[in-house]
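Below: one structure, written as structure tokens.
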Amino acid sequence: MTLSRVLPIVVFALFLIPIATSSLLDLEKKRENEIIQQKIIAEQEAREKIYLMGKFEPTQNEHFVVVPTEYGVNDYPMYLRKETLDAFLKMAETAKKDGIELKIASATRNFDSQKIIWENKWNGVLLADGKNLFKNFPDELERFKKISEYSAVPGTSRHHWGTDIDINDSTPSYFKTEKGEKEYAWLVKNAPLFGFCQSYTLKGQDRPTGYYEEKWHWSYMPLSKNFTEEYSKLVKENEINGFLGDQYVVGQNLIDDYVLGINLDCI
Ligand SMILES: [Zn+2]
């Protein structure tokens, strides 16, 4: 082969080498960036999951504020997301003008405080609507289901999010009194104007699964709607554990039936 024939081939090859090298480098860089991106998303999701399952301390969280004592039923400090508290205070002011007093009976409960409630009901230390479930339900799976009528399994409560409150009381009997009925009627009519919806309405065709009716439990929708969506995307049933009776969680459809078993107006 003469030089005049070889030369164009050599020149062409020399021209191609840098292009091939740079596109290989580009590809590698792209892959690296993708891995970094995936890592960031995974870390963000892990943080969100910790939040959604209540595994944090509201007193240490910048988004949370303390409920003024005059708006609390109990004398211990309670915490809420700032937006939730602001909306509640506006609602309470308006209610006052109508002669209705609204106070918070329960606000944020993290995983640990929900665990105390759950385990105390499990052990019969805390009565559930006047009943000792430890004595009345020796079968553990039956007891699990009985507690779930009104109490959330730790890690699945909307009270973890700082968006949900129990107003004035948290027993069905209170809302059968004249005072309770009047307050509930006011809430049904007015709470949606302040962004609140009743998560656990009467069970029936529109809400076939989940907790029994809770006239006291109201959710601040502008925030909780998003948390509900995130919860259904991120949390898996086998991650809900760390309390007495947790061996009965898997297979019970807790996320679909309870976490998502809410009033459709709240979604
Ligand atoms: Zn509640």
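The values are calculated or read from the model by the stated rules, or taken from the named source; none is laboratory data. Note that the structure is a prediction, hence the values are computed from the model and not measured. Cβ sites come from the backbone with ideal geometry, for glycine too, and all protein chains shown count toward neighbours.
Structure notes:
- Residue pairs meeting the criteria (Cβ under 6 Å; at least 6 apart or on separate chains; first at positive phi and in the same structural domain as Ile262 (by TED's automatic domain parsing), in segment 140-163; second of a type in the set (A, V, I, L, M) and within 14 Å of the ligand (Cβ to nearest atom)): Gly162/Leu80
- Flag for Asp75 being farther than 20 Å from Trp218 by Cβ, assigned to a loop (DSSP other than H, G, I, E, B) and assigned by TED's automatic domain parsing to the domain that holds Phe194: yes
- Evaluation of Val125 against (1) modelled with pLDDT of 95 or more; (2) farther than 22 Å from Lys49 by Cβ; (3) within 14 Å of the ligand (Cβ to nearest atom) (one fails), failing number: (3)
- Subset of segment 158-172 that is within 8 Å of the ligand (Cβ to nearest atom) and surrounded by fewer than 24 Cβ atoms within 10 Å (Cβ to Cβ) - its residue that is farthest from Glu230 (Cα to Cα): Ser170
- For segment 139-150, filtering for residues that are within 15 Å of the ligand (Cβ to nearest atom) and crowded, with 20+ Cβ neighbours inside 10 Å leaves 2.
- Filter result for the condition that a residue is out of contact with any strand residue (DSSP E or B) (no Cβ under 8 Å at 6 or more places or on another chain) and within 26 Å of Ser148 (Cα to Cα), over Leu89, Leu80, Leu52: Leu52
- The set of residues in segment 78-90 that are part of a helix (DSSP H, G or I), within 21 Å of the chain's Cα centre (by Cα), of a type outside the set (Val, Ile, Thr) and under 13 Å from Phe196 (Cβ atoms) comprises Glu83, Leu85, Asp86, Ala87, Phe88.
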